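The values are calculated or read from the model by the stated rules, or taken from the named source; none is laboratory data. Note that the structure is predicted; figures quoted are calculated from it, not measured. For neighbour counting, all protein chains shown are included, and Cβ atoms are generated from backbone atoms with ideal geometry for every residue, glycine included.
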């Protein structure tokens, strides 16, 4: 019997095979939301599996800033995953004691040397993730190669299932002045 984690990785592998030659950015983000938006079978399968993973404790299982901000890698970049890593982050902007109700939670500043693809799964109605093209509820974001940002969430809890080409992400010092989201 295939467990849910293996089922998620296998489902992601088929999707990653389809996108492996694409470059993250606005064009890819628009394509993902047209083809695999929240009404699609793929979105609903991946969303259901990642929600189960968070509920069961095998996804987004490492506390970064308490129970309201957790992440974890599910798969390293391999041939099976078309050299993408698969990871998840859980962020709850409303249960964070350091964030006033209705305000934005800001996670760890980082950069994406090769871009990133995010499946955004709101757990609370109104929960959204800041993406390069604005706030995103259920759907996809695709920050371009070289993008740098804080993950920002408002409106409640969500999960981002994210795919990194070559597993490449760098947690770096934020700029001294305000960073413009890329």
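Key figures
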| quantity | calculated |
| --- | --- |
| Single match in 59, 13 (criterion: under 18 Å from residue 123 (Cα atoms) and surrounded by 13 or more Cβ atoms within 10 Å (Cβ to Cβ)) | 59 |
| Residue 74 vs. criteria within 15 Å of residue 10 (Cα to Cα), in a strand (DSSP E or B) and touching a helix residue (DSSP H, G or I) at 6+ places or on another chain (Cβ under 7 Å) | yes |
| Count of residues meeting criterion [touching a strand residue (DSSP E or B) at 6+ places or on another chain (Cβ under 7 Å) and closer than 21 Å to residue 80 by Cβ] in the stretch 37-59 | 4 |
| Residue match in the stretch 88-97 (condition: surrounded by 14 or more Cβ atoms within 10 Å (Cβ to Cβ) and farther than 19 Å from residue 127 by Cβ) | no |
| Qualifying residue in the stretch 133-147 (condition: in contact with a helix residue (DSSP H, G or I) (Cβ under 7 Å, 6 or more places away or on another chain) and modelled with pLDDT under 95) | yes |
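Here's the yes/no breakdown for (1) part of a strand (DSSP E or B); (2) under 15 Å from the mean Cα position of the chain (by Cα); (3) within 23 Å of residue 157 (Cα to Cα); (4) free of Cβ contacts under 8 Å to residues at least 60 places away in the same chain:
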site	(1), (2), (3), (4)
11	no, no, no, yes
18	no, no, no, yes
29	no, yes, yes, no
37	no, yes, yes, no
46	no, yes, yes, no
54	no, yes, yes, no
67	no, no, yes, yes
87	yes, yes, yes, no
